[in-house]
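Quick notes on the structure that follows.
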Amino acid sequence: MSSIWENKQTISGHIASPIDLPRHVAIIMDGNGRWALKKGLPRTEGHKAGVEKIRMISKVLGEAGVKFVTIYAFSTENWSRPKSEVLGIMGILEEVIETETERLHQNGVRIIHLGRSDRLAKKLRTSVNHAQELTKHNQSMTLCIAFDYGGRAEILRAIKQIMADGISRKEIGETLLNKYLYTHNIPDPDLIIRTGGEKRLSNFLLWQSAYSELYFTPVHWPDLEPKQIIEALNEFASRRRRFGSLEKDF
Ligand code: IPE
Ligand code: IPE
Ligand code: MG
């Protein structure tokens, strides 16, 4: 048993099977607003509390040996929320990227933004570019943060770029399309966790989630504890993935 497992046991009191560890865990962090409203706080306070959890959860997953973690932070549809909330979320994202990048870099984490950057405020765009550039050779873990991200928009963008590149019809296949997605060189998520009780993907990694295992928990994102993440990893380890084929052992 590696020290990773020992750490994990200390943190959570639970052990996940190291054999069936997902390579890529993607998380739809939902429930920030409801968490705040339940406490009589403005929704933005929920987003602030949520940021703390990104730090903790990515640490737990990294210690567990998960190599790719993706966090869904802001969808293409979230622009339709009240301007004050959108500005609040963007401000929090900016702050967190600025304050966390150095620490993540020290820990060997590669940061990747999934989504459009042209609609972001200039300062946020600059911080994102800096974080990606600084950490691009890091290898201990890849942390993808999806914001201004939508699965449909991502696929449309890929199609348009393929056309603009004059790629011929016979060259177009799954491997080629993968190269045109924000997630090129990142394996498909093995496990998608959604907090906050809703049981849907809300436009998240639509192409990449074709064979992802889905795990839903009613816990609001700011209330999420390491033990719930370990529970999700344990549940994943007990799933039988068949990929359309017949039963086989993994
Ligand atoms: C998820 O929390 C974070 C974002 C979508 C930005 P919500 O803000 O959706 O929280 P609920 O679902 O309203 O509780
Ligand atoms: C999904 O949550 C988007 C993010 C977590 C960033 P939403 O709260 O936007 O999803 P819906 O509206 O409940 O489907
Ligand atoms: Mg929500």
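With respect to residue 34, determine if the residue is farther than 20 Å from residue 212 by Cβ, crowded, with 20+ Cβ neighbours inside 10 Å and charged (D, E, K, R).
no
Before we move on, is residue 224 at pLDDT 95 or above and away from ligand 3 (no atom under 16 Å from the Cβ)?
Judged against the criteria, residue 224 is not a match.
Within the range 205-250, take every residue that is away from ligand 1 (no atom under 16 Å from the Cβ) and of a type in the set (Phe, Trp, Tyr) and give me the one that is least open to solvent (accessible area, probe 1.4 Å).
236
Mind telling me which of the residues 127, 168, 202 ends up being within 16 Å of ligand 1 (Cβ to nearest atom), of a type in the set (Gly, Ala, Ser) and either touching a residue at least 40 places away in the same chain (Cβ under 8 Å) or open to solvent by less than 50 Å² (accessible area, probe 1.4 Å) (or both)?
Exactly one of 127, 168, 202 is within 16 Å of ligand 1 (Cβ to nearest atom), of a type in the set (Gly, Ala, Ser) and either touching a residue at least 40 places away in the same chain (Cβ under 8 Å) or open to solvent by less than 50 Å² (accessible area, probe 1.4 Å) (or both), namely 202.
Which condition from (1) of a type in the set (A, V, I, L, M, F, W, C); (2) open to solvent by less than 80 Å² (accessible area, probe 1.4 Å); (3) not in a loop (DSSP other than H, G, I, E, B) is the one that residue 181 breaks?
Of the numbered conditions (1) of a type in the set (A, V, I, L, M, F, W, C); (2) open to solvent by less than 80 Å² (accessible area, probe 1.4 Å); (3) not in a loop (DSSP other than H, G, I, E, B), the odd one out for residue 181 is (3).
Looking only at residues that are within 10 Å of ligand 2 (Cβ to nearest atom) and either under 21 Å from residue 99 (Cβ atoms) or basic (Lys, Arg) (or both) in the range 48-86, which one is most open to solvent (accessible area, probe 1.4 Å)?
Once the filter is applied, the top-ranked residue is 81.
Given the residues 76, 70, 44, which is the only one that is over 25 Å from residue 206 (Cβ atoms) and either at pLDDT 95 or above or β-branched (Val, Ile, Thr) (or both)?
On inspection, the qualifying residue turns out to be 44.
So, in the range 6-33, of the ones that are at pLDDT 50 or above and of a type in the set (Val, Ile, Thr), which residue ends up nearest to ligand 1 (Cβ to nearest atom)?
My answer is 28.
The values are calculated or read from the model by the stated rules, or taken from the named source; none is laboratory data. Because the structure is predicted, anything quoted here is derived from the model rather than measured. Backbone-built Cβ (ideal geometry, glycine too); neighbour counts: all protein chains shown. Side chains included, ligands, DNA and RNA excluded: accessible areas come from the protein's heavy atoms. Shrake-Rupley method; radii C 1.70, N 1.55, O 1.52, S 1.80 Å.
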